[in-house]
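First up is the structure itself, then whatever we jot down about it.
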Amino acid sequence: MLLCTVSSRRIRSLRDPAVKMSKSDADRLSHILLTDPADLVRTKLRKAVTDMTPSVTYDPSTRPGVSNLVDIVAAFTGSSTDAVCRECRHLDTLGFKNHAADVVIERLRPVGAEIVRLMSDRGYLAGLVREGNVRARQIAETTYSDVARRVGLHDALDSLDAVDLTLNEQQQQQ
């Protein structure tokens, strides 16, 4: 699984490696979405912030941009950062960005295709919404009953229901 191979490190922003990657970042080039088309993923990775050193090495403190790309490739391939650097030692930074794009695009392709398939299946989506509503209502009713009982509203609510019934009966008789 992709996320399990990253250990405790977080993937950093493509535009500012000092911060973690976040889909809420206002800069669209800072993050990769599962639904991004291949050409956009390639553009984002090619525009990722790196330095002027034309080699692939891993040193997050002095080369945070390139190290972030190495982390991404390592996460997507299941390789170690050392293995990624060894395998890509012949590449310059631009070549490595293209390699990273190829790896990410290939790994995300089936995920993106499945998302598109599911999003286009209106019946499936409607069923999910119905199931979610039923489940949410069950949870809410259970929680409400428990809270009402604990704070003493349960008996009060029963009394109010009895008053409502009496008022309804009186209104019907008039």
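We did not get these values from a lab; they are worked out from the coordinates using the rules stated. Here the structure is a predicted model, which means the values were calculated and not measured. With ideal geometry, Cβ positions are generated from the backbone for all residues, glycine too; neighbour counts draw on all protein chains shown.
Using the empirical formula 2.2 N^0.38 Å as the baseline, the Cα radius of gyration of the range 3-120 reaches a ratio of 1.02. Just report the Cα centroid separation between the range 11-76 and the range 125-145, whole Å. Cα centroid of the range 11-76 versus Cα centroid of the range 125-145: 39 Å apart. For the pair Val19 and Leu128, a Förster radius of 45 Å applied to the C-beta separation gives a FRET efficiency near 0.85, rounded to the nearest 0.05. Stretched out straight at 0.36 nm per residue, the stretch from Met119 to Leu91 would grow longer than its current Cα-Cα span by 6.2 nm.
For Lys20, the amide hydrogen comes within under 5 Å of the amide hydrogens of Ser13, counting only partners 5 or more places away or on other chains and with H modelled in the peptide plane. Highest mean packing first, where packing is the average number of other Cβ atoms within 10 Å per residue, the peptides 68-79, 94-105 line up as 68-79, 94-105. Site pair Arg149 and Asn98 shows an inter-label distance of 6.7 nm when each label is modelled 7 Å from Cα along Cα→Cβ. Modelled spin labels at Asp27 and Glu106, positioned 7 Å past Cα toward Cβ, are 2.9 nm from each other.
How high is the relative contact order of the range 3-120, given as a whole-number percent (alpha carbon pairs under 8 Å, six or more residues apart)? Computed value for the range 3-120: 26 percent relative contact order.
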